[in-house]
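Here is the structure we will look at.
The values are calculated or read from the model by the stated rules, or taken from the named source; none is laboratory data. Being a predicted model, the structure only gives us computed values, none of them experimental. Heads up, the Cβs are rebuilt from the backbone with ideal geometry, glycines too, and the neighbour counts pull from every protein chain shown. The protein model used for the area step is the full one, side chains on, heavy atoms only, and it has no ligands, DNA or RNA in it. Shrake-Rupley method; radii C 1.70, N 1.55, O 1.52, S 1.80 Å.
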Amino acid sequence: MTTIFPKWVNTLPAVTVLGGAGTAVLAIAGISYYWTPSFWEVGYKPEQPVAFSHQIHVGKLGIDCRYCHTHVEESAHSNVPDTATCMNCHQGDVTSGEAYLNVDLWNAHKDNPHLTKIRSSYATDEPVAWKRIHKLPDYAHFNHAVHVNAGVSCYSCHGRMDHQEVAYQVHSLSMGWCLDCHRNPEEHLVDVDGVTEQYASDPFEVTDLRRVEEQLASTEQQEIGLKLAAAKQIQPPQHCGACHY
């Protein structure tokens, strides 16, 4: 008796199932990455109205983060400095007796188009329209003061800002990323108070990004972090109400 269909047709159900499963896996993998903050937000680097370089101000000049972001130790939010803060350094000239080394330096400073915008902003009392880089959803709450005072450095969330010519988002700030830290806080706690033997005689500031990076990368970090968590009774919450209320 002649067969209607060739034998290879019998493999179609298996091929269809395997192909469908493979397509589903690829779709899930693609969505899990391309529809998450890791893809959409990590590396976000908007062009700002004024070219402010953290690399120069923090890295080369050694200005502490808290000089501009003055309320991180007492407020839930990290404030963006007003123009008056910029003018603490960016004003004066060689004829006024204020701190400029020479005429050429002052002329370069005076004619810089970005500093012209800062001086104009200060004179007209119109704030600079900085573009926000780090932003959590409205339904999530993050308290800067709680984290900084617990010993979590700016570095853990913002990376080496002192290396960034243009500020950008280093981490996803997703819920999973936050929970990883809450589950293992010892990996991110730095000894700025000299609580442990390793730093009792040589404590450092939470904003000293180089030393923070060195401590967090050290082989002793697990031991240091556990001691700090015990000393400060740090037990980060993991329930929904901690961040969503």
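Things to note:
- So H147, is it modelled with pLDDT of 95 or more and open to solvent by 30 Å² or more (accessible area, probe 1.4 Å): yes
- Counted residues, the range 178-199 - those being touching a strand residue (DSSP E or B) at 6+ places or on another chain (Cβ under 7 Å) and over 15 Å from S153 (Cβ atoms): 0
- Among residues of the range 133-144, those that are surrounded by fewer than 19 Cβ atoms within 10 Å (Cβ to Cβ) and touching a residue at least 24 places away in the same chain (Cβ under 8 Å), counted: 8
- The range 183-219, residues that are of a type in the set (D, E, K, R), touching a Leu at 6+ places or on another chain (Cβ under 8 Å) and at pLDDT below 95: D191
- Residue in the range 219-239 that is under 30 Å from S53 (Cα atoms) and not basic (K, R) present: no
- Taken over the range 222-241, the criterion of being touching a residue at least 40 places away in the same chain (Cβ under 8 Å) and in a helix (DSSP H, G or I) is satisfied by G225, L226, L228, A229.
- Some residue of the range 187-198 being open to solvent by 70 Å² or more (accessible area, probe 1.4 Å), within 18 Å of V146 (Cβ to Cβ) and not aliphatic (A, V, I, L, M): yes
- Of residues in the range 165-186 being in contact (Cβ under 8 Å) with a residue 40 or more places away in the chain, surrounded by fewer than 15 Cβ atoms within 10 Å (Cβ to Cβ) and part of a loop (DSSP other than H, G, I, E, B), the one nearest to the chain's Cα centre (by Cα): V166
- The number of residues in the range 152-164 that are closer than 18 Å to Q48 by Cα and either modelled with pLDDT under 95 or buried (at least 19 other Cβ atoms within 10 Å of the Cβ) (or both) comes to 3.
- Any pair with Cβ under 9 angstrom, 6 or more apart, that starts in the range 11-34 at a residue that is assigned to a helix (DSSP H, G or I) and ends at one that is surrounded by 10 or more Cβ atoms within 10 Å (Cβ to Cβ) and modelled with pLDDT under 75: Y33/F39
- For the range 67-87, the set of residues classified as open to solvent by 50 Å² or more (accessible area, probe 1.4 Å) and either assigned to a helix (DSSP H, G or I) or among the aliphatic types (A, V, I, L, M) (or both) consists of Y67, V80, listed by residue number.
- Sub-7 Å Cβ pairs linking a first residue in the range 201-221 that is outside any loop (DSSP other than H, G, I, E, B) to a second residue that is surrounded by fewer than 17 Cβ atoms within 10 Å (Cβ to Cβ), at least 6 apart or interchain, are Q221/E187, ordered by first then second residue.
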